[in-house]
Amino acid sequence: MCSGGASSFEVIMNVVRMGIDANVHKNKGKYKAIAKFTIRALFYYSDTKRMNENFNSDERKLLFKKQPNFLSKFVTPYLCNGFSKKQKIEILSKHYDWFENTFNTPARHNIYNERINLLELEIGEQTYLLNLSFERNSRKEGELTLSLTDSQLNKMYNLSFSVFNNDIYIGGVQGGANDNGFSRAFTKAFYGLRPKSFIVETLRLMAADLGITHIYAVNEASHVSNSFRYGKKSKDINLKYDELWEEHNGAQHNKCFYVLPLRATRKDLEPLKRQKRKLYRQRYAWLDQYEEDLRAAINPHLQAPITLNVDLAKAS
């Protein structure tokens with residue numbers, strides 16, 4: 001347990017201090033949480049120490065507000081059920097290096113504490129929001145969550161991911177608990193585009209603007225919920241991830257991940273029947289405008305703004 005000449009007492013006190021810092025925002029059950037953290041951290045002391053060194057800045061400690069057990073994330077499955085503890089620590093550290101180099105300080109703090117709203121979508125009389133946030137409920141599936149919510153912030157669809165070595169790793173896609181006709185209304189409003197496909201397409205557009213090299217998406221068998229750690233629980237979870245990625249021209253990359261093209265393949269419209277051809281033309285025109293709107297929405301939150309396509313005729 002001792003490290004670098006430190007006595008056992010010093011190690012224990014160091015771990016207790018980590019536990020206090022990690023649970024500083026917690027009100028209910030704080031002392032029990034600190035004790036649990038201390039026991040786990042002592043068992044994995046060298047790994048916990050490395051995590052603490054990487055997440056010891058005042059800004060990174062904001063992560064503990066939503067995820068008090070953040071420093072122990074390497075113990076549980078993360079992104080897929082195939083990464084080692086060492087790999088998970090490296091992924092987490094490099095993700096936040098990328099995040100701090102890519103997004104400006106106000107955006108990062110808003111994402112840590114609440115969310116940033118990127119766009120609003122109108123469907124009939126309802127307004128839906130596209131948000132980017134850091135979520136407690138997605139802690140095993142990725143550090144950033146792209147979500148489509150209603151005006152009361154009830155999630156309709158969300159996608160969670162992390163960025164490592166300039167590649168995106170998608171750890172999960174989830175629909176809301178109560179659809180109540182939302183998927184049908186969304187698909188009708190946006191020319192046959194399903195909300196699940198919309199959230200994947202949104203990530204692709206963001207990835208292209210942020211200079212991401214590859215997008216990897218976890219397969220069904222390797223999803224964190226299918227870890228041996230959770231035993232029979234995994235059998236009750238019906239994930240059709242493989243089908244989703246293949247619909248988006250994904251190809252098996254390795255035993256855990258598909259690789260998705262950065263750009264969606266568009267249909268050849270000529271062989272289609274007239275009505276279908278019209279639908280796809282409308283969808284693609286909408287997506288082209290959406291890409292411009294999304295780029296403009298992300299721009300104020302970046303360290304280095306993207307060059308926007310300006311319509312000179314409109315500008316004059």
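Only the coordinates and a few stated rules stand behind these numbers; no lab work does. Since the structure is predicted, the reported quantities are computational estimates derived from the model, not experimental observations. Virtual Cβ from ideal backbone geometry, glycine too; neighbours counted across all protein chains shown.
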* Using modelled backbone amide H atoms (1.01 Å from N, in-plane), which distant-in-sequence or interchain residues come within less than 5 Å of residue 156's amide H? -> 148, 149, 150
* To do: Amide H neighbours of residue 257 under 5 Å, at least 5 residues apart or on other chains, H built in the peptide plane: list them.
  => 219
* To do: Return the sequence-ordered ³J(HN,Hα) values of the range 203-213 in whole Hz as given by the Karplus equation 6.51 cos²θ - 1.76 cosθ + 1.60 applied to θ = phi - 60°, using x for Gly and Pro.
  => 4, 4, 5, 4, 4, 4, 5, 8, x, 5, 8
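Return the calculated 222 nm mean residue ellipticity for the chain, to the nearest 500 deg cm²/dmol, obtained by summing -39500 (n - 2.57) across DSSP H runs with n ≥ 4 and dividing by the residue count.
-12500 deg cm²/dmol
In debye to the nearest 20, how big a dipole does the range 34-174 give about its Cα centre with +1 on each Lys and Arg Cβ and -1 on each Asp and Glu Cβ? All intermediate terms of the calculation are to be shown ahead of the outcome.
Values: 19 positive and 16 negative charges, 190 e Å.
Dipole of the range 34-174, to the nearest 20 debye: 920 debye.
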* Asked: Where does each of 223, 25 land when they are ranked from fewest to most other beta-carbon atoms within 10 angstrom?
  -> 25, 223
* To do: Pairs of Cα atoms under 8 Å, at least six residues apart: use those to get the relative contact order of the range 66-150, whole percent.
  => 27 percent
* **Vicinal HN-Hα couplings computed from phi for the range 104-112 (Karplus, 6.51 cos²θ - 1.76 cosθ + 1.60; Hz; Gly/Pro x)** => 6, 4, x, 5, 4, 5, 5, 5, 5
* To do: May I ask you to order 96-104, 117-125 by the average number of other C-beta atoms within 10 Å around their residues, highest value first?
  => 96-104, 117-125
* Asked: Around residue 298, what is the net charge, scoring Lys/Arg as +1 and Asp/Glu as -1 over all other residues with Cβ under 12 Å from its Cβ?
  -> -3
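Quote the relative contact order of the chain in percent (integer), defining contacts as alpha-carbon pairs under 8 Å separated by 6+ residues.
Relative contact order of the chain: 13 percent.
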* Asked: In debye, nearest 20: dipole of the range 101-306 around its Cα centre with unit charges on the Cβ of K, R (+) and D, E (-)?
  -> 600 debye
* Asked: Between residue 135 and residues 5 or more places away or on another chain, which pairs have amide H atoms under 5 Å apart, with H built 1.01 Å from N, and which residues are they?
  -> 145
* Asked: For the range 8-75, what number results from the quotient of the Cα radius of gyration and 2.2 N^0.38 Å?
  -> 0.99
* For the range 8-75, what's the relative contact order in percent, using C-alpha pairs closer than 8 Å and at least 6 residues apart? -> 42 percent
* **the range 129-134 - phi-based ³J(HN,Hα) in whole Hz, Karplus 6.51/-1.76/1.60, Gly and Pro as x** => 10, 9, 10, 10, 8, 10
* To do: Could you estimate the translational diffusion coefficient of the chain from the Stokes-Einstein equation, with Rh from the Kirkwood formula over C-alpha pairs, at 25 °C and 0.890 mPa s, in whole µm²/s?
  => 115 µm²/s
* Which whole-number percent of Cα pairs in the range 121-278 have a distance greater than 18 Å? -> 62 percent
* Structure fact -> The Cα radius of gyration of the range 1-115, divided by 2.2 N^0.38 Å with N its residue count, comes to 1.09
